[in-house]
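These notes are about the structure you will find just below.
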Amino acid sequence: MLGTVLRIALIVSSLLTAGFMLRHIRSAKVQIKDSVFWIIFSFFILLLSLFPNIAGWASNLLGIASPINFVFLFIIFVLLVHQFYASVRISQMETKMKLLAQQIALDEKDRQDKES
Amino acid sequence: MRVLVVIPAYNEEESLPAVIQNLQMVCPEYDYVVVNDGSKDSTAVLCAQNGYNVINLPINLGLAGAFQAGIRYAQNHGYDAAIQFDADGQHLPQYIKPLVQKLAEGNDIAIGSRFVTVKKPKSLRMLGSYIISFAMRFTTGKKICDPTSGMRIFNRRMINEFADNLNYAPEPDTISYLLRNGATIAEIQVEMAERTAGASYFTMVRSMRYMAEMTISILLIQWFRKRELADKSHKNKGEK
């Protein structure tokens, strides 16, 4: 079983995560599609801490000795997947940015050559 | 053969004038373009004042991005060959002609190598070079004496590949990939000067990181790349 203090900590941190993300949306600092992941993520953490039986059932199923280890595993796994997609997106963004910068420079060069 | 000398420059105001002057004196027959890679010093002003042929990138893209901008310029203006030439004075212009000659003989790529006839020193500094050489030999069967030399010339076919594609940094792993896909390569012996001004980009930590990246890329990652034929994708470009 998950300890009471841990459950409270998890509930508080999941609420904080969701609140933090929503505040960023309010002040237009993050795109909604990027915040959706964190809202769902904090919802699941909330779920796990409100209903500790879920962790107990899942750790039984997977053969994990303690439910808390399942909670850790779950969080690590979800974050890894998210990190992977973030890497891919950064890569694509860098490529696009590079192309744009080159295009601006080349166009500017052509424009100046035509003037002179 | 119309040849473009691509000179990526990041904060090279001290060495650039001498490099351009030397280049125009030794090989006036070749065009050049300086790619000012978002320099923070007065490289841009210097180029404008002296009337250099310059492309000013609005932000710093790094060597690969700057070189690619030059390559795209070469492609847009129909050059037959483009050579990567350092702005710090390490590359000597008298070796451009023999490199162009190697392309005229039918090679896709020619490298100005420090170690064709000269023995590569067995120093810690050259350890990376040895490892990359070995990795390339292992995966392509070709012996490249000086894989990290930045003095490389590319023909039209290669220009089109470099201009259009992702993951085409002018580095040993790209060379290795191209070799495996049937590009032909030649090396000629060149001398290189010590850099005339400024600090080298390669610190100890960066060198080690570069070496690790290159080795992993050549030995592992390049096998999984999908072949994109530039000859096909290139058509109708430049009309946009």
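The values are calculated or read from the model by the stated rules, or taken from the named source; none is laboratory data. In this text, all values refer to a predicted model and were calculated from it rather than measured experimentally. Neighbour counts run over all protein chains shown; Cβ positions are idealised from the backbone, glycine included.
Looking only at the range A:36-65, which residues are of a type in the set (A, V, I, L, M), farther than 30 Å from A:Arg26 by Cβ and in contact (Cβ under 8 Å) with a residue 12 or more places away in the chain? Step through it out loud before you land on a result.
Start the filter on the range A:36-65 by keeping residues that are of a type in the set (A, V, I, L, M), which leaves A:36, A:39-40, A:45-48, A:50, A:54-55, A:58, A:61-62, A:64-65.
With farther than 30 Å from A:Arg26 by Cβ added as a condition, the list becomes A:54-55, A:58, A:61-62, A:64-65.
Matches in the range A:36-65: A:Ala55, A:Ala58.
Are any residues in the range B:65-98 in a helix (DSSP H, G or I), over 25 Å from A:Arg111 (Cβ atoms) and not basic (Lys, Arg), and if so, which ones? Give the derivation first.
Of the residues in the range B:65-98, the ones in a helix (DSSP H, G or I) are B:65-76, B:93-98.
Narrowing the set further to residues that are over 25 Å from A:Arg111 (Cβ atoms) leaves B:93-98.
Of everything in the range B:65-98, those that are in a helix (DSSP H, G or I), over 25 Å from A:Arg111 (Cβ atoms) and not basic (Lys, Arg) turn out to be B:Pro93, B:Gln94, B:Tyr95, B:Ile96, B:Pro98.
Go through the range B:45-73 and count every residue that is more than 11 Å from every other protein chain (Cβ to nearest Cβ) and touching a residue at least 12 places away in the same chain (Cβ under 8 Å).
5
Please verify whether B:His77 is farther than 14 Å from B:Tyr10 by Cβ, within 11 Å of chain A (Cβ to nearest Cβ) and either touching a residue at least 40 places away in the same chain (Cβ under 8 Å) or crowded, with 17+ Cβ neighbours inside 10 Å (or both), treating the condition exactly as stated.
Here the answer is yes, as B:His77 does meet what is asked.
With the checklist (1) outside any helix (DSSP H, G or I); (2) touching a residue at least 60 places away in the same chain (Cβ under 8 Å) in hand, flag the one item B:Lys40 doesn't pass.
(2)
Consider B:Asp31 carefully, then state whether it is touching a residue at least 12 places away in the same chain (Cβ under 8 Å) and either crowded, with 21+ Cβ neighbours inside 10 Å or away from chain A (no Cβ under 14 Å) (or both). Even if it seems obvious, please write down each step before you answer.
Details: touching a residue at least 12 places away in the same chain (Cβ under 8 Å): yes; either crowded, with 21+ Cβ neighbours inside 10 Å or away from chain A (no Cβ under 14 Å) (or both): no.
No, not satisfied.
Residues of the range A:1-29 being not small (Gly, Ala, Ser) and not in a helix (DSSP H, G or I), which ones?
Restricting attention to the range A:1-29, the residues satisfying the condition of being not small (Gly, Ala, Ser) are A:1-2, A:4-8, A:10-12, A:15-17, A:20-26, A:29.
Of everything in the range A:1-29, those that are not small (Gly, Ala, Ser) and not in a helix (DSSP H, G or I) turn out to be A:Met1, A:Leu2, A:Lys29.
Regarding B:Gln94, is this residue in contact with a helix residue (DSSP H, G or I) (Cβ under 8 Å, 6 or more places away or on another chain), surrounded by fewer than 24 Cβ atoms within 10 Å (Cβ to Cβ) and away from every other protein chain (no Cβ under 14 Å)?
yes
Any residue in the range A:17-35 that is more than 22 Å from A:Leu47 (Cα to Cα) sitting within a Cβ distance under 6 Å of a residue that is among the small types (Gly, Ala, Ser)? List the pairs, counting only those 6 or more apart or interchain.
That search, which allows pairs on different chains as well, returns A:Ile25/A:Ser35.
Return only the number of the condition from (1) surrounded by 23 or more Cβ atoms within 10 Å (Cβ to Cβ); (2) at pLDDT below 95 that B:Glu14 does not satisfy.
(1)
Report every pair of residues separated by at least 6 positions or lying on different chains whose Cβ atoms are under 8 Å apart, first residue within the range A:89-111 and farther than 12 Å from B:Ile59 by Cβ and within 9 Å of chain B (Cβ to nearest Cβ), second of a type in the set (D, E, K, R) and part of a helix (DSSP H, G or I).
A:Leu106/B:Arg72
Hey, A:Lys114 hits all of (1) surrounded by fewer than 10 Cβ atoms within 10 Å (Cβ to Cβ); (2) away from chain B (no Cβ under 14 Å) but one; which does it fall short on?
So A:Lys114 meets the others, but not (2).
Quick check on the range B:135-181: of everything there that is within 16 Å of B:Met211 (Cβ to Cβ) and not in a helix (DSSP H, G or I), which residue is farthest from the chain's Cα centre (by Cα)?
This residue is B:Ile144.
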